[in-house]
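Right, one structure below, let's go through it.
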Amino acid sequence: MRTTRLLAGRALVAAALVVAVCSAAAETIERTLRVGAHERSYEIDLPARRESAQGLPVVIVFHGGGGSADSARRQSRMSVKGEAEGFIAVYPQGSGGIAGKLKTWNAGTCCGYAMQQRIDEIAFVAALLDALSATVTIDRARVYATGISNGGMMAYEVACALADRVAGIAVVAGEMTALDRCRPTRPLPVLVIHGSADRNLPIDGGVGAKAFAVHEVRSVASAIDFWRRHDGCNENARSEVNGAVRRTTYSSCSGGSEVEVVTIEGGGHSWPGGDRLARFLDSPSTAFDATGEIWRFFARH
C-alpha cells in the first residue's frame, strides 16, 4: 500500500511538472488597445529571468487562420523557449471569429473576416510595439516576428512594412502574399520552414486543397528569391541534408542578414516539433524542432 501511494504521489508530481512545462511563462499579461474603430488584444508571456540592462528580446508569434493567442502558445511552445532563453513571447489576436476562436489576419489575398473587412494589421502591430515598450523593458534592437500559415503571412507583412522595427522573421508553413507590394526599408534576416507535402499552402504554389481561404498560392521559392535579391545575398547557396530535413542557406548578405529555407520532406501543414491542436490537422513532423531552430536563427541576428 505504501509503495502504491508513493508511486501515485510521484505520478502527481510528474503531471504537475508537465503542466508547468506547457504553461512555462512566469507571468502572463493580457492587454487590449484601440486601433481605429477596432479593439485589438494580445498576450505577453514574461520569463522569470528579466535582468538585462538593454531589456529583453521579444518574439511575436502570430497564430494561424482560425486560431488564437492560446493556440499559438500551445502549438509553438514559444513561451517554454522564452523561459529557458530569457526572452518575451507576445501573442497577438486576429479578428472576427466566434467565442474568441476562428480569428484571422488580413494578408491581402487571405484570410476570412480580417481580409474581407480590410483590417489594418500593420497599424495594430505598430501600436502593439509602442504599447509593449511602455509596459515592459524590451531590447528594441532584438524584436522578431514569426507565425504559422495565415500567421506566417503576417510575419512577411511585418517584414515588408515594419523592417525598421524588427530584426528578423521566421515563417512556418506560410505564404508571402505581399510579393508585389513588399517594400522593406532595409535588409532583413529571413528563415522559412515548410513541408514538402503541405496541401494547404503547397510548397510549389497552386490552389491549396484544404486552405482556410481558397486562393492562388505563391511558391516558397518566389519568396526566397525575393528576399535573396532584396538582401543582396550571394547566389550560391549552401545546402545540407539530414534525414528528412533539407537546409538551404544564402549568406554573404547585406547588413549581416541571411536567408534560409528548411524543407521537411513529407512534412504537412504544421509546426514541426510542436503540438497538434486537433485531429483534423496534419501531424507535426518529429524530424525537426522549429521553435528551437527559430530562436537559434533569431539569436544570430
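Go through segment 101-140 and give me each residue that's in contact (Cβ under 8 Å) with a residue 60 or more places away in the chain, open to solvent by 10 Å² or more (accessible area, probe 1.4 Å) and either under 17 Å from the mean Cα position of the chain (by Cα) or more than 22 Å from residue 31 (Cα to Cα) (or both).
Passing the criteria: 108, 109, 112, 115.
Going by the structure shown, is residue 85 in contact with a Phe, Trp or Tyr (Cβ under 7 Å, 6 or more places away or on another chain) and of a type outside the set (Lys, Arg)?
The answer is yes for residue 85.
Go over the candidates 265, 235 one by one and state the one that is farther than 20 Å from residue 298 by Cα and either among the aliphatic types (A, V, I, L, M) or in contact (Cβ under 8 Å) with a residue 24 or more places away in the chain (or both).
The unique qualifying residue is 265.
Could you please let me know if residue 217 is under 17 Å from residue 197 (Cα atoms) and at pLDDT 95 or above?
no
Please list, ordered by residue number, the strands (runs of 3 or more DSSP E) wholly in segment 232-301 having 1 or more residues that are buried (at least 16 other Cβ atoms within 10 Å of the Cβ).
Counting at least 1 such residues, we get 245-250, 259-264.
Do we have residue 75 as surrounded by fewer than 24 Cβ atoms within 10 Å (Cβ to Cβ) and either touching a residue at least 40 places away in the same chain (Cβ under 8 Å) or not β-branched (Val, Ile, Thr) (or both) here?
So residue 75 fails the test.
Can you name the condition, by its number, that residue 296 falls short on among (1) out of contact with any Cys (no Cβ under 7 Å at 6 or more places or on another chain); (2) touching a residue at least 12 places away in the same chain (Cβ under 8 Å); (3) over 22 Å from residue 208 (Cβ atoms)?
(2)
Hey, any hits in segment 182-192 for a residue that's closer than 17 Å to residue 108 by Cα and surrounded by 13 or more Cβ atoms within 10 Å (Cβ to Cβ)?
Yes, there is a match, as at least one residue in segment 182-192 is closer than 17 Å to residue 108 by Cα and surrounded by 13 or more Cβ atoms within 10 Å (Cβ to Cβ).
Name the residue that is nearest to residue 137 (Cα to Cα), counting only residues in segment 16-55 that are modelled with pLDDT under 80 and open to solvent by less than 50 Å² (accessible area, probe 1.4 Å).
Restricting to residues being modelled with pLDDT under 80 and open to solvent by less than 50 Å² (accessible area, probe 1.4 Å), the top hit is 52.
The values are calculated or read from the model by the stated rules, or taken from the named source; none is laboratory data. Nothing here was measured: the structure is a model prediction, and the numbers come from that model. Ideal geometry is used to build each Cβ from the backbone, glycine not excepted, and the neighbour counts take in all protein chains shown. SASA here: full protein model, heavy atoms, side chains in, ligands and nucleic acids out. Shrake-Rupley method; radii C 1.70, N 1.55, O 1.52, S 1.80 Å.
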